[in-house]
Every structure is written in structure tokens, then in C-alpha cells.
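Taking it in order: structure first as C-alpha cells, then the write-up.
Any read-out appearing in this document is the output of simple, stated calculations on the displayed coordinates, not a laboratory observation. The model shown is predicted, which means the values in this text are computed figures rather than measured ones. In this analysis, Cβ positions are derived from the backbone assuming ideal geometry, glycine residues included, and neighbour counts consider all displayed protein chains.
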Amino acid sequence: MAANGAARSALGVAAIVVPGVPLAPWVGVDRHRGSARLLARALGGRDLALGLGTLGALRSGGPVRPWVLAGALADAGDLAITLLDWDHLPRAGRVAVAAAAASGVLAALVSVAAADPGAD
């Protein structure tokens, strides 16, 4: 679960610092628009908070599963939004984003299922 927290934190930092990079596959040329960059930074803050929450829970011995499952829910939301706007998104990017979001959900669920039930 530490890898999940670290990866989500890194993605969050990237979205805050260079929002056009994670936005490119999702929205294409619109990544340069101020409103898109603002939303990318907000999503980056979400991912940074979820990642740091996961890492903090691991470090302190607190419950980790709720953080990882919250991340899965966030990824499921990203997948749903991508599917809803499928026809309006760049062709190659929409597939990449949908695959990444679905992979995030799957990875979170697998890591939670594999964890020791008494660990948190």
C-alpha cells in the first residue's frame, strides 16, 4: 500500500506543479486553458491528500484501507467522467486515461484484498 500512496502523492505533486502534463492525454490542447489548469491543480491536491493520508496511516499504524479505498473511489469517478465525455476527448488520450483510472481502481482493490485483515 506504500507504493499506492507514493504514486498518488507523486501524481498529485505533478498535477500541481506542471498541470499541463497530466492534463495532456485527458483534454489535449485545452490543457493550456487557465480553467483546465486550475482543475488539474485541484485534482492534484486531491491525489496528494489521498497519497499523504495513505503514507501517514502506514507510518503511524493507523487505518490504511479507508485511504486506499477513497483513492479507488476517486479513480472510479475519473473513469466515469472520462466515459461520460468519451466523444469529446482526444482519441488516444481517452483510452490512456480510462486505462489508468481503471488500473488505479484495480490496484487499490487488489492491495486492500491482499493486506492482512488485522493490519489496520
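Any chance you could give the angle, 0 to 90 degrees and rounded to 10, that helix 91-114 forms with the longest Cα principal axis of the chain? Rounded to the nearest ten degrees, it is 10. Just add up the charged neighbours of ALA14: K/R +1, D/E -1, any other residue whose Cβ is under 14 Å from the Cβ of ALA14. That works out to +4.
Projecting the Cα atoms of VAL21, GLY56, ALA96 onto the charge dipole of region 2-114 (Cβ charges, centred on the Cα centre) puts GLY56 farthest toward the positive pole. A simple spin-label model places the labels of VAL13 and ALA99 2.6 nm from each other, with each point 7 Å out along Cα-to-Cβ.
Charge tally for GLY28 (other residues, Cβ to Cβ under 11 Å; Lys, Arg +1; Asp, Glu -1): +3. Taking a ≥ b ≥ c as the square roots of the eigenvalues of the Cα gyration tensor, region 2-114 is classed as oblate, since a/c reaches at least 1.5 and a/b does not exceed b/c.
In terms of overall dimensions, region 57-113 has a Cα radius of gyration and Dmax of 13.7, 44 angstrom.
Axis angle, to the nearest 10 degrees, between helix 34-60 and the longest C-alpha principal axis of the chain: 10 degrees.
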